[in-house]
Amino acid sequence: MADAQQLTRIIATDCGSTTTKAILIEYVDGEYRQTVRGEAPTTVEKPLNDVTRGVVNAVTELQELAQLRYNNSNIIFTDGNELIIGRDGDRGVDAYVSTSSAGGGLQMMVTGVVAKMTGESAERAALGAGAIVMDLIASNDKRANYEKIERIRQLRPDMILMAGGVDGGTTKHVAEMAELVAAADPKPRLGSSYKLPIIYAGNNKAHEIIRETLGEKTDLLITDNLRPTLERENLGPARDKIHDLFMEHVMAQAPGYNKLMNWTKGPKNGKIVNIPIMPTPAAVGNIMQTIARQNEIEVLGVDIGGATTDVFSVFTEEHVFNRTVSANLGMSYSISNVLATAGLNNILRWVPFDIDESGLRNMIKNKMIRPTTIPQQLEELVLEQAIAKEALKYAFIQHKEFAVSLKGGQKQREISDAFAQSTSGGSIVNMMTLDLLVGSGGVLSHAPRRHQTVMMLIDAFLPEGVTRLAVDSIFMMPQLGVLAEISEKAATEVFEKDCLIYLGSCVAPVGKIKADKVALTAHIELPNGEVFEENIKFGEMRVLPCGVGEVAKATLKPGKGLDVGAGKGQELETDLHGGLVGIVLDTRGRRPFVLPIEASDRVPMLKKWMRELKAYPEAMMK
């Protein structure tokens with residue numbers, strides 16, 4: 001890793017599907033800080049067909065704002081538009097790194113023998129590498145062979161990841177899947193002059209069979225089995241190969257990326273080397289894993305966009321990373337899918353006023369056909385945020401179903417487990433042990449009030465125990481993720497100080513309790529010298545002032561049968577970190593969340609909670 005003396009000025013860009021975002025990171029007063037940002041339209045499509053044009057425009061904005069110079073000239077590009085790495089008179093830049101999701105990002109198909117075992121492992125490997133998984137084809141997925149062949153032929157993915165079988169096991173089903181792929185003779189999405197890349201990460205006994213079947217027709221690459229035994233996953237080698245092929249094949253075919261790949265440079269192991277461009281989602285996962293590992297915490301993050309919602313998590317002591325893409329849940333292009341998935345009543349349950357069904361449907365359809373519009377009236381904002389809660393909720397449900405312990409593995413069991421249901425394949429997502437919940441995406445990052453962001457995160461994810469809440473300020477997580485490849489110190493310092501906006505902490509005792517019973521007895525010593533002490537009944541919310549960087553000392557006693565992190569009914573002494581909103585005490589208890597069906601009961605309850613959170617103007621809450 002480069003030290004502070006080697007890296008004093010870094011440029012990082014994220015080439016998105018519509019916008020290229022650039023940030024400047026500088027070593028100032030003994031720490032790394034993000035100082036200037038710029039952006040420009042992405043130019044990967046016609047008429048320009050050269051991604052570097054957008055990069056030059058975004059970085060030019062940086063140099064003008066920061067007055068960057070090189071050789072006493074007011075540019076940091078040579079005449080050939082090549083980014084200059086290296087200082088002269090201490091006014092140049094030391095490194096340039098980039099991520100990309102332009103041109104639709106990385107699109108993959110995966111195959112396995114058993115869909116819920118090796119198939120899921122292959123999905124986890126592809127998703128963790130930043131791909132969109134177009135389809136999973138497995139030996140047991142109940143489609144006829146001709147249907148599988150037709151599907152493989154139609155998809156035109158960027159690459160295929162093939163898995164199946166444990167090392168040394170039977171090769172029959174793996175061989176059959178290879179024959180199906182060979183029969184389909186799939187073509188890549190970008191470029192017609194090269195063979196489709198295929199990564200085989202299955203049973204090592206089948207290597208020769210795979211070579212014979214696919215070696216001539218495809219660009220075959222064989223790596224370590226991602227499921228060498230039923231009890232163990234080994235996703236790292238397959239993910240590394242995906243990244244390599246993403247650079248060599250997908251990026252090489254996209255307009256202008258050959259030039260961009262020559263620009264990305266930085267110090268690594270004492271030398272200036274090319275730093276590979278990373279898929280944007282992979283870079284976000286990289287920074288989240290880095291933060292979890294360095295701080296020894298569990299992290300859950302979400303990025304909700306117009307078409308898709310990505311959920312990232314790092315759970316357990318082994319820091320197991322998972323990523324899911326809910327390709328049908330978004331806030332503009334996919335907003336009608338949110339309505340179809342959640343249903344009208346689930347959206348309306350979050351709305352504290354009367355609205356007819358046609359009004360809601362019109363609002364949703366208008367947003368779908370005019371995806372760049374923002375709410376013009378307060379009522380539209382409330383409706384949009386109600387839809388966001390449901391989109392986030394269902395994306396999280398999908399994530400929990402995917403982020404599981406390994407199915408098919410043997411598990412040591414105690415005699416007390418004899419009559420319990422098997423937990424093999426259970427979700428590893430544990431909200432009670434979660435330390436940090438991070439929100440990102442327009443509806444969360446750009447909410448008019450940070451209190452609204454807190455409301456959406458709590459209502460959608462239903463945190464348990466004590467959880468710190470934050471939002472990504474300008475979505476710079478991708479740039480920091482690729483920066484972590486050359487300097488974890490720079491990436492983590494900027495992440496903590498400039499990327500995250502800390503909103504506060506949520507305290508939520510969970511379990512079943514009657515409505516008139518005390519759910520939480522709280523004794524909280526606030527930084528301003530005040531002491532909050534109250535017995536809070538079930539179904540209430542409280543917000544206490546505690547600013548960014550401030551810490552409150554708390555003694556929390558949950559009601560009978562409830563758990564706030566130390567066990568049912570057990571008292572917890574802890575520090576509560578503040579933020580722009582403060583400390584939220586949420587005693588609504590039950591998970592999953594249940595709201596009264598009747599509007600006459602539900603609306604006053606919603607208004608009371610929203611009033612306490614200061615989510616909307618007081619006039620609306622009367």
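Which pairs have Cβ atoms under 7 Å, sit 6 or more apart or on different chains, and link a residue in the stretch 361-387 that is in a loop (DSSP other than H, G, I, E, B) to one that is at pLDDT 90 or above?
As it stands, the answer is 375/381; 375/384, since those pairs meet every condition given.
Can you confirm whether the stretch 194-208 contains a residue that is under 29 Å from the mean Cα position of the chain (by Cα) and within 30 Å of residue 43 (Cβ to Cβ)?
Yes: the stretch 194-208 contains one or more residues that are under 29 Å from the mean Cα position of the chain (by Cα) and within 30 Å of residue 43 (Cβ to Cβ).
Tell me the residue from 81, 74 that is touching a Leu at 6+ places or on another chain (Cβ under 9 Å) and either aromatic (Phe, Trp, Tyr) or at pLDDT below 85 (or both), please.
Values: 81 fails: touching a Leu at 6+ places or on another chain (Cβ under 9 Å).
Residue meeting the stated conditions: 74.
Taking into account only those residues within the stretch 415-439 that are in contact with a Ser or Thr (Cβ under 9 Å, 6 or more places away or on another chain) and hydroxyl-bearing (Ser, Thr, Tyr), which is modelled with the highest pLDDT?
If we take residues in the stretch 415-439 being in contact with a Ser or Thr (Cβ under 9 Å, 6 or more places away or on another chain) and hydroxyl-bearing (Ser, Thr, Tyr), then 433 is modelled with the highest pLDDT.
Write out, first by first residue and then by second, each pair whose Cβ atoms fall under 6 Å of each other, whose residues are 6+ apart or on separate chains, and whose first residue, in the stretch 29-41, is in contact (Cβ under 8 Å) with a residue 12 or more places away in the chain while the second is β-branched (Val, Ile, Thr) and in a strand (DSSP E or B).
32/25; 34/23; 34/25; 37/23; 39/19; 40/20
What number of residues in the stretch 324-350 are in a loop (DSSP other than H, G, I, E, B), out of contact with any Lys or Arg (no Cβ under 7 Å at 6 or more places or on another chain) and over 12 Å from residue 386 (Cβ atoms)? Walk me through how you get there before you give the answer.
Initially, the stretch 324-350 is screened for residues in a loop (DSSP other than H, G, I, E, B), giving 327-334, 343, 349-350.
Next cut, out of contact with any Lys or Arg (no Cβ under 7 Å at 6 or more places or on another chain) only: 327-331, 333-334, 343.
This time we only want the ones that are over 12 Å from residue 386 (Cβ atoms), so: 327-330, 333-334, 343.
Final tally of qualifying residues: 7.
List the pairs whose first member sits in the stretch 465-489 and is under 10 Å from residue 97 (Cβ atoms), whose second member is surrounded by fewer than 24 Cβ atoms within 10 Å (Cβ to Cβ) and among the acidic types (Asp, Glu), and whose Cβ atoms are under 9 Å apart, counting only residues at least 6 apart or on separate chains?
Within 9 Å, the pairs are 487/3.
Out of 255, 228, report the one residue that is under 30 Å from residue 20 (Cβ atoms) and surrounded by 16 or more Cβ atoms within 10 Å (Cβ to Cβ).
Going through 255, 228 in turn, the sole match is 255.
Which one is nearest to residue 576 (Cα to Cα), of the residues in the stretch 507-558 that are in contact with a Ser or Thr (Cβ under 8 Å, 6 or more places away or on another chain) and among the small types (Gly, Ala, Ser)?
For the stretch 507-558, the residue satisfying everything is 554.
Checking the condition closer than 30 Å to residue 203 by Cα and crowded, with 19+ Cβ neighbours inside 10 Å, which residue from 266, 236, 285 passes? Walk me through it before giving the result.
Details: 266 fails: closer than 30 Å to residue 203 by Cα; 236 fails: crowded, with 19+ Cβ neighbours inside 10 Å.
285 is the lone residue from the list that is closer than 30 Å to residue 203 by Cα and crowded, with 19+ Cβ neighbours inside 10 Å.
When only residues in the stretch 326-358 that are polar (S, T, N, Q) and more than 17 Å from residue 599 (Cα to Cα) count, which is surrounded by the fewest Cβ atoms within 10 Å (Cβ to Cβ)? Even if it seems obvious, please write down each step before you answer.
Of all residues in the stretch 326-358, those polar (S, T, N, Q) come to 326, 328, 332, 334, 336-337, 341, 345-346, 358.
Applying the additional criterion that residues be more than 17 Å from residue 599 (Cα to Cα) yields 326, 328, 332, 334, 336-337, 341, 358.
Values: 326: 25, 328: 19, 332: 17, 334: 22, 336: 16, 337: 18, 341: 19, 358: 8.
My answer is 358.
Counting just the residues of the stretch 359-391 that are surrounded by 15 or more Cβ atoms within 10 Å (Cβ to Cβ) and of a type in the set (Val, Ile, Thr), which one comes out nearest to the chain's Cα centre (by Cα)?
387
Go over the candidates 197, 237 one by one and state the one that is in contact with a His (Cβ under 7 Å, 6 or more places away or on another chain), of a type outside the set (D, E, K, R) and free of Cβ contacts under 8 Å to residues at least 60 places away in the same chain. Step through it out loud before you land on a result.
On the way: 237 fails: in contact with a His (Cβ under 7 Å, 6 or more places away or on another chain).
None of the others qualify; the one that does is 197.
The values are calculated or read from the model by the stated rules, or taken from the named source; none is laboratory data. As the structure is a computational prediction, the values presented were derived from the model and not from experiment. Cβ coordinates were reconstructed from backbone atoms using ideal geometry, including for glycine residues, and neighbour counts include every protein chain displayed.
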